[in-house]
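Student: First the structure, then my questions, so here it is.
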Amino acid sequence: MSAVMLDTLPDTPATTADSVKKAQKLAFENNKLEKRLFRLTGQAIGDYNMIEAGDRVMVCMSGGKDSYAMLDILLKLRARAPIDFDIIAVNLDQKQPGFPEHVLPDYLRSLGVPFHIENQDTYSIVKRLVPEGKTTCSLCSRLRRGILYRVAGELGATKIALGHHRDDIIETVFLNLFYGGKLKGMPPKLQSDDGKNVVIRPLAYVKEHDLERYAQYKQFPIIPCTLCGSQPNLKRAEMKALIRQWEKQHPGRIKSIFSALGNVIPSHLMDANIHDFKNLRATGAPDPQGDIAFDEDPCGTGEDASIIRIAQFDE
Ligand code: SF4
């Protein structure tokens with residue numbers, strides 16, 4: 001039977017029932033996803049006291065899935081929040097060739113959100129300063145950050161909201177660990193580099209995969225960030241692939257890594273700037289969280305590893 005003939009066949013009751021079931025399942029999943037995103041964003045905002053009454057939150061919109069989702073969720077959370085705060089969306093048009101400049105303004109107008117488009121040709125600066133073939137993202141984002149800080153001051157914003165999510169934070173930790181020799185991530189709330197603003201990351205608890213699904217569900221008019229023709233940041237892509245692989249092969253590992261970022265024990269690291277090793281003296285009080293928590297029992301006796309270790313030292 002030809003494809004044309006198949007197309008013209010009427011739906012049978014069975015196929016109609018199937019598509020109704022599929023549509024119901026999808027609506028159920030989307031509803032669950034939306035609730036999860038609201039819950040995790042609200043939780044992060046509360047845990048870090050990101051937004052307070054009277055704040056004017058500048059929501060930075062790049063045109064990517066994360067910033068669209070952030071704005072969408074913040075607007076809905078604000079509608080239910082017990083406090084009043086303002087939201088102003090800001091986009092920096094960096095004058096990349098082919099940037100569809102009408103897309104964001106049209107979208108923001110359709111939502112009725114106050115917005116500001118800042119026009120600054122950082123594209124030409126980056127092209128001029130970065131040698132051909134080198135990745136341009138780091139200079140580009142440094143320039144963008146400086147401009148956004150200035151704009152925040154001009155608009156009277158008290159908070160600058162960025163759309164980084166849980167996976168961005170974990171990738172940054174491993175980038176610093178593997179290539180920077182630092183134990184450093186991307187905090188959910190911090191003072192801006194110029195000391196004049198407070199930067200917040202309301203999506204800090206949200207998985208990137210959930211944001212991808214949410215963007216699809218909401219049909220956000222995504223603008224790609226690679227219009228500049230830059231090579232992707234290969235090291236970050238490597239971290240992303242690593243994290244996705246771990247998530248598949250070792251369920252729970254990413255959750256554990258993420259929990260660890262909020263559960264730091266400086267006395268068990270090696271940074272003398274945050275722990276006073278030099279003046280350390282025995283207090284006489286045992287520490288149940290001491291060195292032994294993850295020691296293997298070398299004899300498989302199930303005995304407390306500290307006892308075995310002490311015994312070994314005694315020999
Ligand atoms: S992909 Fe292009 S526009 Fe995006 S951060 Fe990198 S250099 Fe900037």
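Student: Return only the number of the condition from (1) surrounded by 15 or more Cβ atoms within 10 Å (Cβ to Cβ); (2) away from the ligand (no atom under 14 Å from the Cβ); (3) aliphatic (A, V, I, L, M); (4) in a helix (DSSP H, G or I) that I125 does not satisfy.
Tutor: (2)
Student: Which one of the conditions (1) farther than 21 Å from G54 by Cα; (2) not in a loop (DSSP other than H, G, I, E, B) does K184 fail to meet, given that it meets all the rest?
Tutor: Only one criterion in (1) farther than 21 Å from G54 by Cα; (2) not in a loop (DSSP other than H, G, I, E, B) is unmet by K184, namely (2).
Student: Oh, and also: Name the one entry in I73, I87, I45, I83 that is out of contact with any Gly (no Cβ under 6 Å at 6 or more places or on another chain), in a loop (DSSP other than H, G, I, E, B) and in contact (Cβ under 8 Å) with a residue 12 or more places away in the chain.
Tutor: Details: I73 fails: in a loop (DSSP other than H, G, I, E, B); I87 fails: in a loop (DSSP other than H, G, I, E, B); I45 fails: in a loop (DSSP other than H, G, I, E, B).
So the residue among I73, I87, I45, I83 that is out of contact with any Gly (no Cβ under 6 Å at 6 or more places or on another chain), in a loop (DSSP other than H, G, I, E, B) and in contact (Cβ under 8 Å) with a residue 12 or more places away in the chain is I83.
Student: Please go through region 132-158 and give me each residue that is of a type in the set (A, V, I, L, M) and within 14 Å of the ligand (Cβ to nearest atom), ordered by number.
Tutor: L139, L143, I147, L148
Student: Take region 238-247 and flag every residue that is surrounded by 13 or more Cβ atoms within 10 Å (Cβ to Cβ) and free of Cβ contacts under 8 Å to residues at least 60 places away in the same chain. So that I can check it myself, show each step before the final result.
Tutor: We begin by selecting, within region 238-247, every residue surrounded by 13 or more Cβ atoms within 10 Å (Cβ to Cβ); these are 238-240, 242-244, 246-247.
Of everything in region 238-247, those that are surrounded by 13 or more Cβ atoms within 10 Å (Cβ to Cβ) and free of Cβ contacts under 8 Å to residues at least 60 places away in the same chain turn out to be E238, R244, W246, E247.
Student: Right, here's the next one. So which residues in region 86-101 are away from the ligand (no atom under 16 Å from the Cβ) and surrounded by fewer than 17 Cβ atoms within 10 Å (Cβ to Cβ)?
Tutor: The one that is away from the ligand (no atom under 16 Å from the Cβ) and surrounded by fewer than 17 Cβ atoms within 10 Å (Cβ to Cβ): D86.
Student: Would you mind finding the one in L148, L143, L139 that is closer than 22 Å to D72 by Cα and in contact (Cβ under 8 Å) with a residue 12 or more places away in the chain? Working first, answer last.
Tutor: On the way: L143 fails: closer than 22 Å to D72 by Cα; L139 fails: closer than 22 Å to D72 by Cα.
When all the criteria are applied, what remains is L148.
Student: Residues in region 209-231 that are in contact (Cβ under 8 Å) with a residue 60 or more places away in the chain and under 30 Å from A260 (Cβ atoms): how many?
Tutor: Going through region 209-231 one residue at a time, the tally reaches 7.
Quick grid of which residues meet (1) at pLDDT 95 or above; (2) loosely packed, with under 11 Cβ neighbours inside 10 Å; (3) away from the ligand (no atom under 16 Å from the Cβ):
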residue	(1), (2), (3)
T172	yes, no, no
P187	yes, no, yes
L190	yes, no, yes
K207	yes, no, yes
E212	yes, no, yes
I223	no, no, no
T226	no, yes, no
R236	no, no, no
Q249	yes, yes, yes
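Student: In addition: Scan region 59-69 and give yes if some residue there is away from the ligand (no atom under 16 Å from the Cβ) and among the acidic types (D, E), otherwise no.
Tutor: no
Student: Here's another thing I want to ask about it. Any idea which of N197, N176 is away from the ligand (no atom under 16 Å from the Cβ), more than 19 Å from G64 (Cα to Cα), buried (at least 17 other Cβ atoms within 10 Å of the Cβ) and without any contact (Cβ under 8 Å) to a residue 60 or more places away in the chain?
Tutor: N197
Student: For region 33-78, how many residues meet the condition of being over 30 Å from P100 (Cβ atoms), out of contact with any Pro (no Cβ under 7 Å at 6 or more places or on another chain), aliphatic (A, V, I, L, M) and surrounded by fewer than 22 Cβ atoms within 10 Å (Cβ to Cβ)?
Tutor: Counting residues in region 33-78 that are over 30 Å from P100 (Cβ atoms), out of contact with any Pro (no Cβ under 7 Å at 6 or more places or on another chain), aliphatic (A, V, I, L, M) and surrounded by fewer than 22 Cβ atoms within 10 Å (Cβ to Cβ) gives 2.
Student: Considering every residue within region 194-203, establish whether at least one is in contact with a Leu (Cβ under 6 Å, 6 or more places away or on another chain), closer than 27 Å to L37 by Cα and not in a strand (DSSP E or B). So that I can check it myself, show each step before the final result.
Tutor: In the first step, residues of region 194-203 are kept if they are in contact with a Leu (Cβ under 6 Å, 6 or more places away or on another chain); the result is 199, 201.
Now drop any that are not closer than 27 Å to L37 by Cα, which leaves 199, 201.
Remaining after also requiring not in a strand (DSSP E or B): 201.
Taking every residue of region 194-203 in turn, at least one turns out to be in contact with a Leu (Cβ under 6 Å, 6 or more places away or on another chain), closer than 27 Å to L37 by Cα and not in a strand (DSSP E or B).
The values are calculated or read from the model by the stated rules, or taken from the named source; none is laboratory data. Predicted model only: the values in this text are computed from it and were never measured. So basically every Cβ, Gly included, is an ideal-geometry build from the backbone, and we count neighbours across all protein chains shown.
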